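Written below as structure tokens is the structure these notes are about.
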Amino acid sequence: MVLDYPTLFTVTMFVSAVAGMLLLFAWVQNRSTVALGLWGAAYLLSTVAMTLLVANRAALDAWPAMVAYPLWIAAHGMMWHAARNFEGRRTPLAFTLAGVVLWLGACQVEGFYASHAARIMLLSAIIGAYLLLCVSEIWRAQDRELMSRWPAMVLLGVHAAFFLARVPLANVVPFPGGVLPPSPDWLPVGVFETLFHTFGMCVLLMNMAKERAELRQRQYSLIDPLTGVANRRAFFERGERLLRRTRADRQTATLLLFDLDRFKQINDTFGHQVGDRVLSAFCDVAQSMLRPGDLFSRHGGEEFACLLVDASFSESLRIAERIRGGFGRASLDLGKANPAVTVSVGIAMAGEGEQELEQLVAVADRALYRAKAKGRNRVEAARAPLQVVETIGAVAS
């Protein structure tokens with residue numbers, strides 16, 4: 001097959017159209033990822049623009065070319081819009097079409113419109129800028145765990161460089177990069193770069209959407225749906241890593257185990273809706289009194305756990321007591337229901353004999369059991385470092 005001008009551009013248009021339809025189909029399958037549909041529509045718009053250019057060949061003054069350029073710019077503005085949408089950022093339509101407005105405004109200037117090179121330079125600068133803005137959006141991604149974002153930024157950056165290089169070279173390179181007639185030596189380079197970029201971005205965009213969906217599933221599986229805090233699984237996964245790090249850094253680690261007093265009675269008397277609101281209220285109180293690096297989770301039912309890292313034993317006791325007292329004094333918005341709510345706390349500090357998180361939980365659970373047995377609404381410590389079992393707490397009326 002002879003790789004002449006029409007053949008190369010026909011293949012490019014075909015790949016661009018297929019990529020656009022694949023992205024639109026992926027969006028139909030997953031309507032929550034609107035960015036796929038926007039990027040697919042942008043590829044189809046680019047296909048229309050390229051079709052007009054191919055039909056027009058290198059006659060830059062004819063109407064097909066003058067229609068194709070604004071469409072091409074609009075397509076890249078839509079890509080930037082899609083990149084922002086993928087990151088959850090809103091983009092006013094005026095910003096998306098700012099490049100088109102700039103182009104149409106420049107075309108009203110007689111000197112600019114008469115210069116083929118000037119038109120190519122402005123077109124390339126606008127499209128290159130949109131592509132770099134796409135790179136910026138992906139760079140500032142909210143989900144840094146997405147591995148596909150790195151090759152996506154490389155592809156977009158290389159494609160932007162191809163456009164921006166035309167700005168200083170518009171007078172000395174062949175069409176479509178410049179004003180000279182199409183060259184059999186240079187044309188395949190630009191076409192194959194466009195093909196690789198289009199196909200590669202189509203694959204990477206769909207993969208990014210898949211990675212984000214999988215990441216969200218993993219995140220949701222580690223969050224308690226009622227209270228929004230970490231669940232038991234997340235507590236043990238993250239807690240084990242925190243304990244390993246504290247051992248490596250030779251820091252202390254203390255576990256606080258909370259259990260809401262007479263919670264079953266609250267559910268039976270006031271209903272499960274009130275019980276759910278009590279659980280959420282306790283989480284609000286506890287999190288407001290914890291440090292940013294503390295690991296807090298719902299351990300199960302009305303039981304919660306918190307792992308304090310690099311906190312002394314006395315400081316851990318003070319935190320536990322503040323949470324206990326704060327929850328007892330909290331003004332809960334429970335409507336007509338007004339149950340008395342208190343919490344019991346068991347504390348265990350990691351020592352030479354309790355380095356595993358499960359062991360630490362078992363020790364704190366025994367302390368919590370003693371707090372319940374001694375009247376509830378109190379803090380009970382399993383032991384202080386290098387001391388036998390010690391009770392530290394205050395009974396609140």
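The values are calculated or read from the model by the stated rules, or taken from the named source; none is laboratory data. This is a predicted model, so every value here is computed, not measured. Virtual Cβ from ideal backbone geometry, glycine too; neighbours counted across all protein chains shown. Areas reflect the complete protein model, heavy atoms only, side chains present, ligands, DNA and RNA absent. Shrake-Rupley method; radii C 1.70, N 1.55, O 1.52, S 1.80 Å.
Keeping to the range 71-90, report how many residues are open to solvent by 20 Å² or more (accessible area, probe 1.4 Å) and either of a type in the set (Ser, Thr, Tyr) or over 18 Å from the mean Cα position of the chain (by Cα) (or both).
3
Out of 234, 248, 209, 213, I need the residue that is free of Cβ contacts under 8 Å to residues at least 12 places away in the same chain and either among the small types (Gly, Ala, Ser) or buried (at least 17 other Cβ atoms within 10 Å of the Cβ) (or both). Which one?
The unique qualifying residue is 248.
Run residue 227 past the list (1) open to solvent by less than 10 Å² (accessible area, probe 1.4 Å); (2) β-branched (Val, Ile, Thr); (3) over 20 Å from the mean Cα position of the chain (by Cα); (4) at pLDDT 90 or above and report the number of the one that doesn't hold.
(1)
Of all residues in the range 143-157, which are surrounded by fewer than 18 Cβ atoms within 10 Å (Cβ to Cβ) and among the small types (Gly, Ala, Ser)?
Once the filter is applied, which keeps residues that are surrounded by fewer than 18 Cβ atoms within 10 Å (Cβ to Cβ) and among the small types (Gly, Ala, Ser), the range 143-157 yields only 157.
Any idea which residue in the range 343-397 is modelled with the lowest pLDDT, counting only those that are open to solvent by 50 Å² or more (accessible area, probe 1.4 Å), among the polar types (S, T, N, Q) and part of a loop (DSSP other than H, G, I, E, B)?
Selected residue: 397.
Taking residue 94 as meeting all but one of (1) farther than 24 Å from residue 195 by Cα; (2) out of contact with any Leu (no Cβ under 8 Å at 6 or more places or on another chain); (3) crowded, with 16+ Cβ neighbours inside 10 Å, write down the number of the exception.
(3)
Per-residue answers, yes or no, for (1) in contact with a Ser or Thr (Cβ under 7 Å, 6 or more places away or on another chain); (2) open to solvent by 60 Å² or more (accessible area, probe 1.4 Å):
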site	(1), (2)
268	no, yes
273	no, yes
297	no, no
305	yes, no
311	yes, no
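What's the number of the only condition in (1) part of a helix (DSSP H, G or I); (2) in contact (Cβ under 8 Å) with a residue 40 or more places away in the chain that residue 106 fails to meet?
(2)
For residues in the range 158-179 being open to solvent by 70 Å² or more (accessible area, probe 1.4 Å) and not in a helix (DSSP H, G or I), which is modelled with the lowest pLDDT?
Filtering first and then ranking leaves 172.
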